[in-house]
Amino acid sequence: MSRVIVVTSGKGGVGKTTTSASFSMGLALRGHKTAVIDFDVGLRNLDLIMGCERRVVYDFVNVVQGEATLKQALIKDKHTPNLYVLAASQTRDKDALTKEGVGQVIDGLKEMGFEYIICDSPAGIEKGAQLALYYADDALVVTNPEVSSVRDSDRILGILQAKSKRAEEGMEPIRENLILTRYNPERVEEGEMMSWDDIVELLGVPLLGAVPESEDVLNASNAGVPVILHEGSPAAQAYEDIVARYLGEERPQRFLTAEKKGLLKKLFGK
């Protein structure tokens, strides 16, 4: 049975596309046939992070409007045979997507045997974001540990609970999970960031995992590789843990507490 997962947040620049790329890659590396769809019509970044921008011939809008088939538009990932990318259009308007068209694409992916369908949502709460979450079974709500990001995530949670297909049809609610990005426990201790437990209490959503602040995320994006493939990186370890927990494995939370400094570090700094 297929699961449709929306990666969402109210605020831009919090790491949704980075999360979509690494989460979908993590599922595929574990043997699950996975598709990841870029809903950010007009901007399109997912194909850059996945390193397949030169192979985009047909896009999501082409499929919705009947100008190409799903098989023509899906791009097979270079690293695993289980992962496919459906890129967004750079030249169309967000109104090119319709609820019925998106539903047909998702149904088509289910018929093709995809176990997981990841919907990489654009920022905000407008039409594109609402279409990305409408058919979702699960939601990964991505937020940074800052007040404005958490507040916007709270608003998205309200939309998930009120405007999804599951909500409209009185079905079991979307299963919500929280992912904290750019988390730095040292800055939390210094009062520069919100703590993870305060954020969980405010949003009322279980924490799937925290991704530490790391230059590896930017370096991986610039190289066109999901950061989960960056071996030895704390960010890669964090996303591996997030995928494992999503799939039901027990893994202790990491990257939530500051490293205790020894006497020399306290005296002389890092």
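The values are calculated or read from the model by the stated rules, or taken from the named source; none is laboratory data. Keep in mind that this is a model prediction, so the values were computed, not measured. All Cβ positions, glycine included, derive from the backbone under ideal geometry; neighbour counts span all protein chains shown. Just so you know, the surface numbers come from the protein's heavy atoms only, side chains and all, with ligands and any DNA or RNA stripped out. Shrake-Rupley method; radii C 1.70, N 1.55, O 1.52, S 1.80 Å.
Pairs from the table (K71/K99; K76/K163; K78/K260; K11/K71; K11/K99) lying more than 30 angstrom apart at Cα are K76/K163; K78/K260; K11/K71.
Evaluate the relative contact order of the chain (contact order divided by residue number), counting alpha-carbon pairs under 8 angstrom at least 6 apart; express in whole percent. Spell out each step's value before the answer.
Values: 541 pairs, mean separation 63.7, N = 270.
Result for the chain is 24 percent.
Converting phi to 3J(HN,Hα) with the Karplus coefficients 6.51, -1.76 and 1.60 and the offset θ = phi - 60°, segment 194-210 yields 6, 7, 4, 5, 5, 5, 4, 5, 5, 8, x, 10, x, 7, 7, x, 10 Hz in sequence order, with x at every glycine or proline.
Between T98 and E192, the simple label model (points 7 Å from Cα in the Cβ direction) yields a spacing of 5.0 nm. Heavy atoms only, probe 1.4 Å: what % of the accessible area of segment 161-250 goes to carbon and sulfur, would you let me know? Reported share for carbon and sulfur atoms: 45 percent. Take R155: with every protein chain present and a 1.4 Å probe, its accessible area is about 150 Å².
Please list, by residue number, every one of the trypsin sites (Lys or Arg not before Pro) in segment 172-263 that is coil in DSSP and has at most 10 other beta-carbon atoms within 10 Å.
Details: sites: R175, R182, R187, R245, R254, K260, K261; in loops: R254, K260, K261.
Taking segment 172-263 and a limit of 10 other Cβ atoms within 10 Å, the loop trypsin sites (Lys or Arg not before Pro) found are K260.
Normalised per residue, the accessible area of segment 1-157 is 38 Å², obtained with a 1.4 Å probe and no contribution from ligands, DNA or RNA.
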